[in-house]
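In what follows, a single structure is set out as structure tokens and then discussed.
The values are calculated or read from the model by the stated rules, or taken from the named source; none is laboratory data. All values reported here derive from a predicted model rather than from experimental measurement. Heads up, the Cβs are rebuilt from the backbone with ideal geometry, glycines too, and the neighbour counts pull from every protein chain shown. Side chains are part of the model used for accessible areas, which takes the heavy atoms of the whole protein and leaves out ligands, DNA and RNA. Shrake-Rupley method; radii C 1.70, N 1.55, O 1.52, S 1.80 Å.
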Amino acid sequence: MSVASIQSDRLGANPFVVEGPIVSGSGIPGPNFSLGTVAGGDRESEWVYCQLVLASQTTLQPGQWFQWTRDYVASLLTTAAAVVGQRCGVFSGAAQPPTLAGGPVGAITLAPGTYYVWLQRNGQAPALVATATAALVVAETTTTAGQASAPASATATTKAIANVNFAAANQTFTATTVNGSNLLTSLSGLNAGSGPFIGAAVSGTGISGGTTMSGITYSPSGVVQSITLSANAAANGTGITITATGVLEATLMRPFLSRVN
């Protein structure tokens, strides 16, 4: 995924923190940027500063899809709420870890209120994908908030997402597992810039069904050192092939909702 490097005029790397909740009269300034402000980074990446109003407690996960209006008011993307013509992108993390290569820290749970978030519209990014096929040429909305799909052919009544491409239907790498531990170590065959990503479902020898990635540890130079799983491994293994699905590397090219399928 990409790393935000030009969020403001402050020196050094600036985390893309979620701002809020903003409460009128509280003395907490907000928004801190003009809505629609664009920030840049590596790998051709761009983020847009948007308002997000939440009516109930919501967990934001890296890779969730959002749409936003011409006034830069964002909402989680679903087929029912999708508006043809609106722009869309992904939430690529609450902040960046203290590394050069980076990646999202993880999910963040927010109380009801008004927030300001940076949504990625260009470059390489994590993307929640319900279904992915080898074709990877069709992107569309789903009924699940924040989740897209990449089927072999368009699904009737969904909304098409133009200008997005997925690198692969899944990602594989090798790791060492320890019985009773939720850490994958001695990793090989992966890159911090292209995943795997937090929230991805993982499978492999000794890994229980339904296990997901809940955390990633990086070295100061951006090398992935270990991966934390949501459940402990049930066996010892070296060089175990791990398959990650559900949160894929996407190349965003200023996506928008182009039509009703």
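Some points to look at:
- Between the beta carbons of ALA130 and SER188, assuming R0 = 22 Å, the FRET efficiency works out to 0.20 to the nearest 0.05.
- Alpha-carbon radius of gyration plus Dmax, which is the widest Cα pair, for segment 189-261 in Å: 15.2, 49
- Using only Cα coordinates, the Kirkwood hydrodynamic radius of segment 103-250 works out to 16.5 Å.
- Accessible-area ranking of ARG259, ARG43, largest first, probe 1.4 Å: ARG259, ARG43
- With bins 5 Å wide beginning at 0, the percent of Cα pairs of the chain falling in each bin runs 1, 6, 13, 17, 18, 16, 13, 8, 4, 2, 0, 0.
- Selection from THR143, VAL247, ASN232 lying farthest towards where the dipole of the chain points positive, charges on Cβ: THR143
- Against the criterion of solvent-accessible heavy-atom surface with a 1.4 angstrom probe, ILE108, ILE227 sort, most first, into ILE108, ILE227.
- Value of D in µm² per second that Stokes-Einstein yields for segment 20-77, Kirkwood Rh from Cα pairs, at 20 °C (1.002 mPa s): 162
- Each Cα pair under 8 Å and six or more residues apart adds its sequence gap; the mean of these over the residue count of the chain is a relative contact order of 21 percent.
- Nearest-20 debye value, the chain charge dipole, Cβ charges on Lys, Arg, Asp, Glu: 280
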